Amino acid sequence: MSELLDNTEAATKAVVDWLTKKAKTKSKFYIKDFYKIFPDDKPRAIKKVVNKMVETGELEFWSSGSTTMYGLKGGGIQHSSEGES
């Protein structure tokens, strides 16, 4: 595992910075998109970081049942329409 993933705070900052930069075009991403942030690390380690960020509330996940995507908490069109009938 890279030093970046060993340092949870630095890994979290890298993910948030990347998502913030991408927010102009997309709000939700597949787990494989996060692999670009940490190209030298194994997918399992990256997924642990992303899931930890979901647990702490920094990220949220969205699932259609067959697809799971991740994004910044409160971001995107989907978030604003949830809960409406």
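Please pick out the residue among Lys22, Lys28, Lys52, Lys47 that is within 15 Å of Gly74 (Cβ to Cβ) and of a type outside the set (Phe, Trp, Tyr).
Details: Lys22 fails: within 15 Å of Gly74 (Cβ to Cβ); Lys52 fails: within 15 Å of Gly74 (Cβ to Cβ); Lys47 fails: within 15 Å of Gly74 (Cβ to Cβ).
When all the criteria are applied, what remains is Lys28.
For first residues located in the stretch 31-56 and crowded, with 17+ Cβ neighbours inside 10 Å, partners that are modelled with pLDDT of 95 or more and of a type in the set (D, E, K, R) and lie 6+ apart or on another chain with Cβ distances below 8 Å do not occur.
Among the residues making up the stretch 9-30, those that are in contact (Cβ under 8 Å) with a residue 12 or more places away in the chain, loosely packed, with under 15 Cβ neighbours inside 10 Å and among the hydroxyl-bearing types (Ser, Thr, Tyr) are Thr20, Tyr30.
Taking the stretch 17-40 as the region of interest, how many residues are among the charged types (D, E, K, R) and in contact with a Phe, Trp or Tyr (Cβ under 7 Å, 6 or more places away or on another chain)?
Filtering the stretch 17-40 down to residues among the charged types (D, E, K, R) leaves 17, 21-22, 24, 26, 28, 32-33, 36, 40.
Within this subset, residues satisfying the condition of being in contact with a Phe, Trp or Tyr (Cβ under 7 Å, 6 or more places away or on another chain) are 28.
Matching residues across the stretch 17-40 total 1.
Check off (1) more than 8 Å from the chain's Cα centre (by Cα); (2) closer than 20 Å to Asn7 by Cα for Leu59 and give me the number that stays unchecked. For Leu59, the failing item is (1).
Can you name every one of the helices (runs of 4 or more DSSP H) wholly within the stretch 1-80 that holds 2 or more residues which are modelled with pLDDT of 90 or more?
8-22, 31-34, 43-56
The values are calculated or read from the model by the stated rules, or taken from the named source; none is laboratory data. These numbers come from a predicted model, not from an experiment. Positions of Cβ are backbone-derived with ideal geometry, glycine not excepted, and every protein chain shown enters the neighbour counts.
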